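In what follows, a structure is listed as structure tokens, so that the remarks can point back to it.
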Amino acid sequence: MELALKPNEPAPVYVVPPGKHQPSGHSALFNLGFRPFYLLGAACAAIALVVWLLVLGGVPLTGGYLMRINPVGWHAHEMVFGFAASIVAGFLLTAVRAWTGRDTVKGAPLAALAALWLVARVLVWSGPAVPAAIVDSAFLPIAALVLLRVLVKAGNRRNYFLVPVLMSFGALDAAFHFFTIGGRADLAMRCLYAAAGIVVLLVSVIAGRVLPMFTANAIPGFVARRWRPVELAVAPVTALALFADAAGIDSRIVGVLAIVACATHVARLIGWRSYLVRRPPILAVLHLAYAWIPLGFALLALSAAGHAPHTLAMHAFTAGVIGGAIIAMITRTARGHTGLPLVADLRDISSYALVMAGSALRVFGPLVAPQFYMVWIWSAGACWTLGFAIYVAAYARPLCRPRADGKPG
């Protein structure tokens with residue numbers, strides 16, 4: 001199944017030029033954006049978590065730049081600007097091709113873009129600081145320009161908004177490095193909160209466009225309600241609450257906005273009847289990941305009132321929403337775009353369970369029993385690492401091989 005945004009709108013037909021089919025023995029890793037970036041992103045999630053757990057365990061891994069200056073900042077940065085940014089780029093490079101019927105980037109240019117991301121990961125660890133900041137901050141704007149070229153050629157105005165969103169994401173990365181190098185770790189972390197908010201906002205917007213359609217396609221007779229006032233409000237209230245928190249404005253205002261955002265997303269889930277979706281797992285996990293959004297806002301409201309640590313709300317958004325949505329979509333789109341059936345196998349289901357369990361342990365464990373804080377952290381990290389490692393092991397071969405159905409991409 002190809003990615004689509006607008007319900008009931010047929011996807012553009014991609015015409016395969018003569019002679020463009022890949023021979024069966026040829027690597028297809030750089031045929032389409034999801035292939036390298038899903039593998040790199042999932043590997044980053046697993047490796048970065050292992051490194052972070054080793055650091056928490058007292059292993060002296062200082063690196064030459066960010067880990068040495070701000071270990072917590074390195075962990076947060078690599079989860080948002082390393083892991084999540086890679087998946088966002090891979091998803092959009094693939095989705096825009098499906099939405100427009102035009103190639104985004106492939107072959108040597110795609111390999112160069114993937115190499116840029118990989119070099120950034122090395123430099124963020126090793127330094128020097130300024131080259132690391134320049135290389136790392138270049139990735140998302142370049143990806144945005146690639147998308148802009150295709151959207152303009154296709155006249156796909158509906159999705160022009162993706163370009164300023166990615167540009168803003170990249171600008172926050174640059175600001176993070178600027179403040180870190182300048183010794184303002186507090187402001188650098190606020191940039192990270194805002195960047196995480198952008199990813200949560202993207203999850204909210206894209207889920208609103210595709211999740212009811214996916215559900216109707218998978219469950220015959222299933223009808224999801226889409227209430228216009230809720231759909232109009234969901235993006236603004238999400239953005240307002242998350243960016244108000246990132247900006248550090250009055251906690252009472254953040255609390256009110258978080259409550260409004262929580263209620264809006266709950267209303268959306270009720271309209272979608274997500275509580276009735278149990279199977280198939282490849283669909284149910286998408287609804288479960290989305291349910292972390294109102295949970296995150298509820299925790300943010302509690303945090304603003306002084307009743308919960310702010311880090312728990314942030315991990316609800318980063319681990320629960322972003323991590324959950326990512327593991328759900330990278331299995332679904334990897335299967336759909338490699339010609340595999342859209343049915344989760346045992347490895348997929350295991351990865352869903354581990355990532356969701358890790359998120360729950362990280363958020364609710366410290367809330368319920370804070371005296372066992374490190375137990376929860378280690379357990380959550382182990383689940384997340386294993387969940388994404390399973391993905392890499394399961395999909396490395398399909399993502400490097402041509403589509404099973406012989407189609408391009």
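The values are calculated or read from the model by the stated rules, or taken from the named source; none is laboratory data. On a predicted model such as this, the values are computed, not experimentally measured, just so you know. Virtual Cβ from ideal backbone geometry, glycine too; neighbours counted across all protein chains shown.
A few comments on the model shown:
- If only residues of region 122-180 that are polar (S, T, N, Q) and at pLDDT 95 or above are counted, the one that is farthest from the chain's Cα centre (by Cα) is THR180.
- Residue that is nearest to ALA241 (Cα to Cα) [pool: residues in region 195-223 that are of a type in the set (Gly, Ala, Ser) and surrounded by fewer than 21 Cβ atoms within 10 Å (Cβ to Cβ)]: GLY208
- The set of residues from region 161-180 being closer than 14 Å to HIS77 by Cα and either of a type outside the set (Phe, Trp, Tyr) or not in a helix (DSSP H, G or I) (or both) comprises GLY170, ALA171, LEU172, ASP173, ALA174, ALA175, HIS177, THR180.
- Looking across region 340-377, just one residue is touching a Pro at 6+ places or on another chain (Cβ under 6 Å), in a helix (DSSP H, G or I) and aliphatic (A, V, I, L, M), and that is ILE349.
- Candidates ALA89, ALA95, ALA48 - the one that is free of Cβ contacts under 8 Å to residues at least 40 places away in the same chain, hydrophobic (A, V, I, L, M, F, W, C) and crowded, with 22+ Cβ neighbours inside 10 Å: ALA48
- Meets criteria (of a type outside the set (Gly, Ala, Ser), surrounded by fewer than 21 Cβ atoms within 10 Å (Cβ to Cβ), under 18 Å from the mean Cα position of the chain (by Cα) and in a helix (DSSP H, G or I)) for LEU288: yes
- Unmet requirement for ALA298, which otherwise passes all of (1) among the hydrophobic types (A, V, I, L, M, F, W, C); (2) surrounded by 23 or more Cβ atoms within 10 Å (Cβ to Cβ); (3) over 21 Å from ALA84 (Cα atoms): (2)
- Being in a helix (DSSP H, G or I), of a type in the set (Gly, Ala, Ser) and buried (at least 22 other Cβ atoms within 10 Å of the Cβ) holds for only one residue in ALA132, ALA138, and it is ALA132.
Quick grid of which residues meet (1) surrounded by 24 or more Cβ atoms within 10 Å (Cβ to Cβ); (2) touching a Ser or Thr at 6+ places or on another chain (Cβ under 8 Å):
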position: ILE326; (1), (2): yes, no
position: THR333; (1), (2): no, yes
position: VAL343; (1), (2): no, no
position: VAL355; (1), (2): yes, no
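- Residue in region 198-209 that is assigned by TED's automatic domain parsing to the domain that holds GLY324, modelled with pLDDT of 95 or more and over 21 Å from VAL80 (Cβ atoms) present: no
- Residue pairs whose Cβ atoms lie under 8 Å apart, separated by 6 or more positions or on different chains, with the first residue in region 235-259 and farther than 23 Å from VAL203 by Cβ and the second among the hydrophobic types (A, V, I, L, M, F, W, C), are SER251/ALA304; SER251/ALA305; ARG252/ALA304; ILE253/ALA244.
- Residue satisfying condition, being surrounded by fewer than 21 Cβ atoms within 10 Å (Cβ to Cβ) and either part of a helix (DSSP H, G or I) or in contact with a Leu (Cβ under 9 Å, 6 or more places away or on another chain) (or both), within set ALA267, ALA313, ALA261: ALA267
- Residues within region 152-168 that are closer than 25 Å to ALA196 by Cβ and buried (at least 17 other Cβ atoms within 10 Å of the Cβ), tallied: 5
- Residue that is in contact with a Leu (Cβ under 8 Å, 6 or more places away or on another chain) and free of Cβ contacts under 8 Å to residues at least 60 places away in the same chain, where the choices are ALA308, ALA284: ALA308
- Residue in region 144-160 that is touching a helix residue (DSSP H, G or I) at 6+ places or on another chain (Cβ under 6 Å), touching a residue at least 40 places away in the same chain (Cβ under 8 Å) and not in a helix (DSSP H, G or I) present: yes
- The listed residue being in contact (Cβ under 8 Å) with a residue 12 or more places away in the chain and under 22 Å from the mean Cα position of the chain (by Cα), out of GLY409, GLY365: GLY409
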